[in-house]
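In what follows, a structure is listed as structure tokens, so that the remarks can point back to it.
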Amino acid sequence: MNSVIIFKSNTGHTEQCANMLADELGCKAIPLNQISKVELNTYERIFFGGCVHASKVAGLNTFIKHLSKDAHKQVVVFAVGANSSSEQNTQDLIKSNTSLTERDIPFFYLQGGFDPDKLNFALRMMLQGVAKSLRKKQETNPDELTEKDREFLNFFQEKNNHVDVKNLAELMSYIEK
């Protein structure tokens with residue numbers, strides 16, 4: 001099936017996933033900022049991959065605007081974020097990104113990584129503030145930390161990368177159906 005992958009990456013993890021998927025499918029991965037150069041109507045299957053930022057899939061609404069309303073294409077969206085892959089994370093993202101449910105678009109969540117050196121100053125400061133607040137909470141009321149709080153503290157301590165072709169298994173299984 002003739003496919004293309006459009007992606008929006010912030011720190012490179014989504015781009016890594018998009019390129020791995022492109023290798024698996026034998027197609028091109030193209031940054032979202034070049035979507036105007038792509039004739040989407042020439043593809044039978046269109047993938048969009050976006051990084052997760054504040055529970056939103058970055059670039060998703062821009063991507064959706066480029067799809068024709070009557071397109072009979074297979075569209076699949078994947079998001080790459082810092083949290084571990086879980087059904088709860090997937091469902092939370094679907095709820096926060098209403099264009100997925102409005103168009104009934106299949107959605108997959110992949111764990112990416114964290115690289116503070118690639119974040120802009122404002123985002124880096126915000127994450128440091130959240131971490132500081134959670135560490136204080138951990139010291140004063142450790143029983144009040146949620147599982148997500150603990151995961152945040154563990155994950156955002158240092159640079160890490162969990163991008164792996166194995167993370168594509170569920171998405172590849174869906175594609176092969």
- Identity of the residue in the range 73-127, farther than 29 Å from Glu39 by Cα and among the aliphatic types (A, V, I, L, M), that ends up surrounded by the fewest Cβ atoms within 10 Å (Cβ to Cβ): Ala122
- Query: How many residues, within the range 50-60, are among the small types (Gly, Ala, Ser), closer than 12 Å to Asn10 by Cβ and in contact with a helix residue (DSSP H, G or I) (Cβ under 6 Å, 6 or more places away or on another chain)?
  - Reply: 2
- Name, by its number, the condition in (1) of a type in the set (A, V, I, L, M, F, W, C); (2) within 17 Å of the chain's Cα centre (by Cα); (3) farther than 26 Å from Ser36 by Cα that does not hold for Ala131. (2)
- Is there a residue being out of contact with any Phe, Trp or Tyr (no Cβ under 9 Å at 6 or more places or on another chain), aromatic (Phe, Trp, Tyr), farther than 30 Å from Val75 by Cα and modelled with pLDDT under 85 anywhere in the range 148-160? yes
- Query: Where residues in the range 139-150 are over 21 Å from the mean Cα position of the chain (by Cα) and loosely packed, with under 11 Cβ neighbours inside 10 Å, which of them is farthest from Glu176 (Cα to Cα)?
  - Reply: Thr140
- Item | Every residue from the range 33-51 that is among the hydrophobic types (A, V, I, L, M, F, W, C) and free of Cβ contacts under 8 Å to residues at least 60 places away in the same chain | Ile35, Val38, Leu40, Ile46, Phe47, Phe48
- Message: Lys136 - would you say it is in contact (Cβ under 8 Å) with a residue 40 or more places away in the chain and over 16 Å from the mean Cα position of the chain (by Cα)?
- Response: no
- Does the range 39-66 hold any residues that are more than 16 Å from Arg103 (Cα to Cα), of a type in the set (S, T, N, Q) and out of contact with any Leu (no Cβ under 8 Å at 6 or more places or on another chain), and which are they? Asn41, Thr42
- Any chance the range 64-78 includes a residue that's touching a Gly at 6+ places or on another chain (Cβ under 8 Å) and under 20 Å from Ile175 (Cα atoms)? yes
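The values are calculated or read from the model by the stated rules, or taken from the named source; none is laboratory data. Because the structure is a prediction, the values reported are computed rather than measured. Note: ideal-geometry Cβ built from the backbone for every residue, glycine included; neighbour counts use all protein chains shown.
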